[in-house]
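The values are calculated or read from the model by the stated rules, or taken from the named source; none is laboratory data. Everything numeric here is computed off the predicted structure, so don't read it as measured data. So basically every Cβ, Gly included, is an ideal-geometry build from the backbone, and we count neighbours across all protein chains shown. Heavy atoms of the whole protein, side chains included, go into the accessibility calculation; ligands, DNA and RNA do not. Shrake-Rupley method; radii C 1.70, N 1.55, O 1.52, S 1.80 Å.
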There are 6 protein chains.
Amino acid sequence: MTIYVVNPNSSQHVTDGIDKAIDPMRAASLVPIEARTLTQGPPGIETQAHVDGVVAPLLEHCAAFENDASAFVVACYSDPGLAALREQSARPVIGIAEASILTAMTFGQRFGIISILSKSVPRHMRYVGAMGVMDRLAADLPLELGVLELADETRTFERLKAVGEALRDTAMADVVILGCAGMTAFRTDLEQHLGLPVIEPCQAAVAMAIGQVALQTTR
Amino acid sequence: MTIYVVNPNSSQHVTDGIDKAIDPMRAASLVPIEARTLTQGPPGIETQAHVDGVVAPLLEHCAAFENDASAFVVACYSDPGLAALREQSARPVIGIAEASILTAMTFGQRFGIISILSKSVPRHMRYVGAMGVMDRLAADLPLELGVLELADETRTFERLKAVGEALRDTAMADVVILGCAGMTAFRTDLEQHLGLPVIEPCQAAVAMAIGQVALQTTR
Amino acid sequence: MTIYVVNPNSSQHVTDGIDKAIDPMRAASLVPIEARTLTQGPPGIETQAHVDGVVAPLLEHCAAFENDASAFVVACYSDPGLAALREQSARPVIGIAEASILTAMTFGQRFGIISILSKSVPRHMRYVGAMGVMDRLAADLPLELGVLELADETRTFERLKAVGEALRDTAMADVVILGCAGMTAFRTDLEQHLGLPVIEPCQAAVAMAIGQVALQTTR
Amino acid sequence: MTIYVVNPNSSQHVTDGIDKAIDPMRAASLVPIEARTLTQGPPGIETQAHVDGVVAPLLEHCAAFENDASAFVVACYSDPGLAALREQSARPVIGIAEASILTAMTFGQRFGIISILSKSVPRHMRYVGAMGVMDRLAADLPLELGVLELADETRTFERLKAVGEALRDTAMADVVILGCAGMTAFRTDLEQHLGLPVIEPCQAAVAMAIGQVALQTTR
Amino acid sequence: MTIYVVNPNSSQHVTDGIDKAIDPMRAASLVPIEARTLTQGPPGIETQAHVDGVVAPLLEHCAAFENDASAFVVACYSDPGLAALREQSARPVIGIAEASILTAMTFGQRFGIISILSKSVPRHMRYVGAMGVMDRLAADLPLELGVLELADETRTFERLKAVGEALRDTAMADVVILGCAGMTAFRTDLEQHLGLPVIEPCQAAVAMAIGQVALQTTR
Amino acid sequence: MTIYVVNPNSSQHVTDGIDKAIDPMRAASLVPIEARTLTQGPPGIETQAHVDGVVAPLLEHCAAFENDASAFVVACYSDPGLAALREQSARPVIGIAEASILTAMTFGQRFGIISILSKSVPRHMRYVGAMGVMDRLAADLPLELGVLELADETRTFERLKAVGEALRDTAMADVVILGCAGMTAFRTDLEQHLGLPVIEPCQAAVAMAIGQVALQTTR
């Protein structure tokens, strides 16, 4: 039995990043954890059409692993197909956005989200609203960096620090969420810089999956 | 130029019902209104997988009409693809669930929703939450009738009255929404029975589409 | 039958501005649209006493047109008498503040309001609260310009741009509402400057009125 | 200096009831408390038009007492003119609906409101929404008794008990508000019957006025 | 290193029940899990004074285990000392009420809580409000059974079924939480009876603790 | 009979400051008002452990005065023991944080809170959430001054002005609360500087206590 962490875009380097993010957790899990790539997905999930469009292949992908799965983690910050996969599967199903927010709610009272681009913010706001936790949101602020700019790690970290400070000092966040699956490498440094807990969503989701696998033993 | 009302399931009789619901509005619209069937859709939209799964064909269907469209109406109470179609199209895009709720907010202070089945209620609740209008919701209560039972109009109307009374008298709703595209025939009688305005969502959506087409003239 | 747009203050030039704002919509409406001045109103509606005080003459004014009216629009951003007029009239009754907010909720996920003066903000906040849509509000920020300053169009547009940018970049609004009946002339330029939809409330209200007139045909 | 409790309807017997309700508080107040009738008001405030219509004469009435007033209490459960009177007067201005709710929030965690008629409930809901305290509301349920039925005290008390029990046992209210200025006589008996605190709004408002008069000494 | 589950009342049989509830999870955890009794606590935590009073001894108790602890679980449905213990300890600290609610938010959209007594409901409501998740609450309804009645398992299960049905059918809950640490034995049967997931809070908390222990490996 | 204002920390100079703050209200109260020090409390209440830890001695302290008390005021901005003392005492029990917020809700529509340190903000947020009034909060911003810095009155007032301006101009607060028991001396000057009402919480609480003592006469 395995916890399957499914990256719903087709970029293997994103899956590799997710794998690296969750690797330290393997020693703390009795169940193997496997990061997989949804090869039918688009290279990146950037629009609502992408979010909705990956649901059908994602469901098919996961159906094939249902018998071997301890749990599924959907590893994209828009949590595509989360509700549909929960209807389909008998296993625990965790989305990284939902898990990051629920985890943040145990680390602080007001969570801030760092998004890549401002055009994702309305999608996040619909989701935070659907989760019914808008009163816990400090703010969701974007790095506003394009793909090329993100490749510049120094520049990215400068923006992470600036946005994190705005969340902490102006929006009064006391916990910060990295609102994207690909910023793991900065988590520790940002946490140290801000003096606040910083949540990496894939890690938070795998943690919740490990817990819910244990919870299944009681059912 | 035409207002396209797209039924995202493949059942022509559902499209016919929608067409009948909106027919009286044609005389009040300068723009033709056409009800269409998404033939690639499932016969009915009953699960979250159906909701997500129709988005891709719906987007394709609407893209083909973009140049001729004054506006699009998505005619399924789960508003599948609403956000994605808004990203894709330059025309006003209206969903019948969203429109019914916004319209109800001008007819009363607390809206009640009548759903077919209780299993739709969590999906609706996520949506009402994403819309940020939970404080205006009186309750969402199901008829809990299967397809065969719905074919019995007498029985359906009895349940509509009973659920409508519960919304009015226990949940204190002062406006009621038919939470499904196929209950138009009962609207007037239910309104009279309850003494409260009853909103049929396809009609509310077409009304809003007619208005937003007019609004486009100012832009 | 006519859609009556009633300016509840006695300033004819305000009515003229409203008339100009909605003029392009006449070609898109089967029903004539007439802007009227409530001559018994004060020259401007600046205090809560003004808001409450115009209700009685407004009701009387509209009662005289009830038989000829397709719908009424109350054209002041405090929506004076909206609830009372709805109790009195059998026609659709639309307020420009409510309509602008409901319309904005179909154009974006977080609406920002641009007010003239900060002293209007608490009144708006009571109203947004009564509408139950506080979770959709990004912020309501004032131009803080007096009557003389408003007469300087260059200065006014500078402030509109600055406040719009604050709503977009700090409060993360993705749709902006002009929180006053008299700023129509700036709508298009501001929309272009901000790269976000900008809602003019009289236009939004007339759009909704046109739609609800069509909706009446189904009842 | 006097605390003026203004009944905005013209029925002297309502004012007499208010006077009786607050009479025990006179011994606990250093400031005289005077109940007054707004003779220009309607015999009863039953519609939104009544609510809005009494504001102008109420403002005029209170302006005449401004110099002698320690505080004003608006004694109608729709709090007509509360915001306008606060703009006009330099004295503390208390509305009985607002005061009853704020007071209830110190007596319990979920307040229930007993209204006379269901048609008042939407007006109350707008107000609870404007106050931003919807999460503290258990429910607002009506007696649904007409004027003649209210004259029958036995029947009225039976309904008060039934509605109070529904608020306590179904809506889980732990404090109950009498949502009308004229039910003082039942307060103690209802409190005893329900085993929950029952708030009479005129008394709550006068209490708050006495407190705010004392608070003025610090300013 | 051990996950310490601390029962903050002094009743060993309650600790034994907790131990039994979480026993199946031991096989799914790499870390030992130990249930402990706070011998300085009262026999039961029934009042707010009890809740506040156990915080100091609980903090002292946990401080002694800080070096050996992987995580702490506070096993009383009022989550006494949760915020204080989080300030004191460098380990993950989980409260069973918070964990049950966050877990329920992944199992359904509207959670219902079954309390023992109605007098606990206001305390729970303060807590659900502080968590900012009131919009996800269907209702919190009491069994209203005293200690002797709770000893009668047949009667208790009858009440659990009746209250569970009310949560499901009237309040439209789609997930139910046992709002007390001592009802584990009924969980499976109640889940089967209702056809909804039923959350036992100690199990949910231990699951979350196991997950957060794994999460610590990334920090 | 006396209104007891209990400072739950052991610092007599804090009690002296409270005494001075409420002194002008004595002339407006028929009941004596006495400020007392909880000598068993810590010198200052700075952590959640302090908040919870003072509850037991506070309850004991107040129990000894129950027969002589008209009302109790808990004079620390974390309102320690408020719920517990309400369960224990038959007298009105007022907390300065709750009272300041409820009073602010009658002075303006959006209250801002000025805290001493940012680490108090999450605690305040839990409390505002538990009160269910998050929609009325503009923001809670800290002075971020340590004990020594607070001793410098000039510097403290500079920060009070700066934070008050941020609350007024950025967060759009129209009423400001001093979120601490020890800033009375600055209230009037800050009010004048900001042009907004500024609430001192001990004064607001004593005002509410005076009112509720009068309210007791009706019960």
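The figure for residue F:155 is an accessible area of roughly 110 square angstrom, using a 1.4 Å probe on the protein chains alone.
Excluding same-chain neighbours fewer than eight residues apart, the lysines reachable from residue A:20 by a Cα-Cα span under 23 Å are A:161. Taking 7 Å steps out from each Cα toward its Cβ at residue B:157 and residue E:40 produces label points 7.1 nm apart. Heavy-atom accessible area, probed at 1.4 angstrom with all protein chains present, ranks D:85, E:117 as E:117, D:85, highest first.
Closest approach of any chain C Cβ to the axis that rotates C onto E belongs to C:135, 5, distance given in whole Å.
Per the helix-only calculation at 222 nm, which mean residue ellipticity applies to chain D, given -39500 (n - 2.57) for every DSSP H run of n ≥ 4 and division by its residues, nearest 500 deg cm²/dmol?
Numbers: 10 runs with 108 residues, N = 219.
Per the formula, -15000 deg cm²/dmol.
How would the protein assembly as shown be classified by its alpha-carbon gyration tensor: rounded, prolate or oblate, with rounded meaning a/c under 1.5 and the a/b versus b/c comparison settling the rest? Rounded.
With label points set 7 Å from Cα along Cα→Cβ, the inter-copy distances at residue D:119 are 3.6, 4.4, 4.4, 5.2, 5.9 nm, sorted shortest first. Entry note, the range B:98-201: relative contact order of 35 percent, from Cα contacts under 8 Å with a spacing of 6+ residues. Relative contact order of chain D: 23 percent, from C-alpha pairs under 8 Å at least 6 residues apart in sequence. Placing pseudo-labels 7 Å out from each Cα toward the beta carbon at residue E:185 and residue A:23 gives an inter-label distance of 5.0 nm. Excluding ligands, DNA and RNA, the accessible surface per residue across the range A:151-207 is 36 Å² with a 1.4 Å probe. Take the accessible area of D alone and of F alone, subtract that of the pair with a 1.4 Å probe, and the total buried over both chains is about 3100 Å². Helix A:153-169 and the longest principal axis of the Cα set of chain A meet at an angle near 80°. Counting only Cβ charges, +1 for Lys and Arg and -1 for Asp and Glu, the dipole size of the range F:98-200 around its Cα centre is about 300 debye.
Simple point charges give the picture: +1 on the Cβ of Lys and Arg, -1 on the Cβ of Asp and Glu, and for chain C a dipole about the Cα centre of about 400 debye.
Highest mean first, the peptides C:11-20, B:172-181 sorted by other C-beta atoms within 10 Å per residue fall in the order B:172-181, C:11-20. In the protein assembly as shown, the portion of solvent-accessible area held by carbon and sulfur atoms comes to 52 percent [1.4 Å probe, whole percent, DNA, RNA and ligands not counted]. Basic side chains Lys and Arg get +1 at the Cβ, acidic Asp and Glu get -1 at the Cβ, and with that the dipole of the range E:53-142 about its Cα centre reaches some 340 debye. Helix B:201-216 and the longest principal axis of the Cα set of chain B meet at an angle near 40°. For chain D, a Gaussian network of Cα nodes joined below 10 Å ranks D:37, D:154, D:188 by mean-square fluctuation, and the top entry is D:154.
With everything on Cα atoms, drop me the angle between helix C:12-26 and the longest principal axis of chain C, reported from 0 to 90° to the nearest 10. Computed tilt is about 80 degrees. Here residue C:13 yields copy-to-copy label distances, from shortest upward, of 5.5, 6.1, 6.1, 6.4, 8.5 nm, the label point defined as 7 Å from Cα along Cα to C-beta. Dividing the mean sequence gap of close Cα pairs (under 8 Å, 6+ apart) by how many residues the range B:1-83 holds gives a relative contact order of 44 percent. Across identical copies of the chain, residue B:157 has label-point separations of 4.5, 4.5, 6.1, 7.3, 7.7 nm, listed in ascending order, with the point defined 7 angstrom from Cα along Cα→Cβ.
Distance from the C-alpha centroid of the range E:136-198 to that of the range A:121-140: 31 Å, rounded to the whole angstrom. Taking a ≥ b ≥ c as the square roots of the Cα gyration tensor eigenvalues, with a/c under 1.5 meaning rounded and otherwise prolate when a/b beats b/c, else oblate, which class fits the range D:153-208? The shape class here is oblate. Beta bridges from DSSP with both residues in the range A:98-201: antiparallel share about 0 percent, rounded to the nearest 5.
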